[in-house]
Amino acid sequence: MPTPHNQAEPGDYAETVLLPGDPLRAKWIAETFFENPRQVNAVRNCLGFTGTWKGQPVSVQATGMGQPSTAIYVHELLDVYKVKKLIRVGTAGGLNVKVKVRDLVLAITASTDSAINRSFEPYTYAPFADYDLLSKAVGLAGERGYNHHVCGVVSSDIFYVPDGVNSYGALTSHGVMAVEMEASAIYTLAQRFDAKALCICTISDCLVTGDQIDSSERQTSLKDMVELALDTAIAV
Ligand code: HPA
């Protein structure tokens, strides 16, 4: 097996890989959007698939939840499978009333409480999105009339924070509008391997108002996000 976490052979992944957290969402993306999908990984049920979108090769690989899990899959995709473009398609919690459930967030940068980037000390590294992917996605989101925000997110290691939105301290007064759990590691690793990365999230819940997306809306919003990610990937 090429890696302890991935049974795919070199060449099994396309240059572009979508990254949902949930393995069943990876399967849904492959079965719903890809032409001729084939499964390339099932180690630990962290499913990966390759197919085509509008005739172009694309893959999807689940990352699991959080940066330690994500960093394993992403490192191997970049290092072993020579992937060049990564687009996370996930959900995030809103930290600002301007960010409503169902809105899309395109993360221009990702702050974190994770220890992953502490090796940069004494510097505070600012992981950032690839400009080409970001500008293409922003253009398409505008053309399609999607409510979207280009902003900072926080990639937190803690889902169950003790003090709700207040747990994010000074970040929310410095332009950080959503919380998720993976973008910072993806952006850092993409830069390390000279690859492009973008994190797109659908707001599934708002920590300020308590609003939550319902299950029927979830599917439509995720569909818009996945199509946006795939069209961005093949255009850049
Ligand atoms: N916290 C972290 N990640 C999330 C959240 C949240 O509240 N909602 C969706 N992803």
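Could you pull out every one of the strands (runs of 3 or more DSSP E) wholly within region 1-106 that has 2 or more residues that are touching a Leu at 6+ places or on another chain (Cβ under 9 Å), crowded, with 20+ Cβ neighbours inside 10 Å and hydrophobic (A, V, I, L, M, F, W, C)? Steps first, please.
Numbers: elements: 16-19, 35-41, 48-53, 56-61, 85-94.
Filter on region 1-106 gives 16-19, 56-61, 85-94.
Quick check: anything in region 154-169 on the phi < 0 side of the Ramachandran plot, in contact with a Ser or Thr (Cβ under 6 Å, 6 or more places away or on another chain) and more than 10 Å from the ligand (Cβ to nearest atom)? Within region 154-169 (the criterion being on the phi < 0 side of the Ramachandran plot, in contact with a Ser or Thr (Cβ under 6 Å, 6 or more places away or on another chain) and more than 10 Å from the ligand (Cβ to nearest atom)), the answer is no, since none of the residues qualifies. Filtered by the rule that a residue be under 13 Å from residue 190 (Cβ atoms) and touching a Phe, Trp or Tyr at 6+ places or on another chain (Cβ under 9 Å), region 110-133 gives 110, 127, 128, 129, 130. Taking each residue of region 30-45 that is closer than 15 Å to residue 227 by Cβ and looking for partners that are of a type in the set (D, E, K, R) and surrounded by 12 or more Cβ atoms within 10 Å (Cβ to Cβ) with beta-carbon atoms closer than 8 Å, six or more apart or interchain, yields 32/223; 33/227.
In this structure, is residue 144 under 23 Å from residue 215 (Cβ atoms), away from the ligand (no atom under 13 Å from the Cβ) and among the charged types (D, E, K, R)? Judged against the criteria, residue 144 is a match.
Got at least one residue in region 177-200 being farther than 26 Å from residue 73 by Cβ and surrounded by fewer than 14 Cβ atoms within 10 Å (Cβ to Cβ)? No, the conditions are met nowhere in region 177-200.
Looking at this structure, is residue 231 under 18 Å from the mean Cα position of the chain (by Cα), farther than 25 Å from residue 125 by Cβ and within 13 Å of the ligand (Cβ to nearest atom)? Before you say what the answer is, go through the steps one by one.
Details: under 18 Å from the mean Cα position of the chain (by Cα): yes; farther than 25 Å from residue 125 by Cβ: yes; within 13 Å of the ligand (Cβ to nearest atom): no.
When the stated conditions are applied, residue 231 does not pass them.
Could you please let me know if residue 207 is aliphatic (A, V, I, L, M) and under 18 Å from residue 108 (Cβ atoms)? For residue 207, the condition - aliphatic (A, V, I, L, M) and under 18 Å from residue 108 (Cβ atoms) - is not met. Selection of region 11-39 for residues being in contact with a strand residue (DSSP E or B) (Cβ under 7 Å, 6 or more places away or on another chain) and aliphatic (A, V, I, L, M) yields 14, 17, 18, 19, 26, 29, 30.
Do we have any residue at all in region 177-187 that's among the polar types (S, T, N, Q), within 16 Å of the ligand (Cβ to nearest atom), modelled with pLDDT of 95 or more and under 18 Å from the mean Cα position of the chain (by Cα)? Spell out how you get there, then give the answer.
Going residue by residue through region 177-187, those that are among the polar types (S, T, N, Q) are 184.
Among the residues that remain, those that are also within 16 Å of the ligand (Cβ to nearest atom) are: 184.
Filter once more, keeping what is modelled with pLDDT of 95 or more: 184.
In the following step, the residues that additionally are under 18 Å from the mean Cα position of the chain (by Cα) were identified as 184.
Yes - at least one qualifying residue is present in region 177-187.
In region 90-135, what count of residues is obtained for those that are under 21 Å from residue 182 (Cβ atoms), touching a residue at least 24 places away in the same chain (Cβ under 8 Å) and either within 15 Å of the ligand (Cβ to nearest atom) or of a type outside the set (A, V, I, L, M) (or both)? Of the residues in region 90-135, 26 are under 21 Å from residue 182 (Cβ atoms), touching a residue at least 24 places away in the same chain (Cβ under 8 Å) and either within 15 Å of the ligand (Cβ to nearest atom) or of a type outside the set (A, V, I, L, M) (or both). The requirement of being modelled with pLDDT of 95 or more, within 16 Å of the ligand (Cβ to nearest atom) and within 26 Å of residue 115 (Cα to Cα) is fulfilled nowhere in region 39-47; no residue meets it.
The values are calculated or read from the model by the stated rules, or taken from the named source; none is laboratory data. Computed from a predicted model, the values in this text were never measured in an experiment. Heads up, the Cβs are rebuilt from the backbone with ideal geometry, glycines too, and the neighbour counts pull from every protein chain shown.
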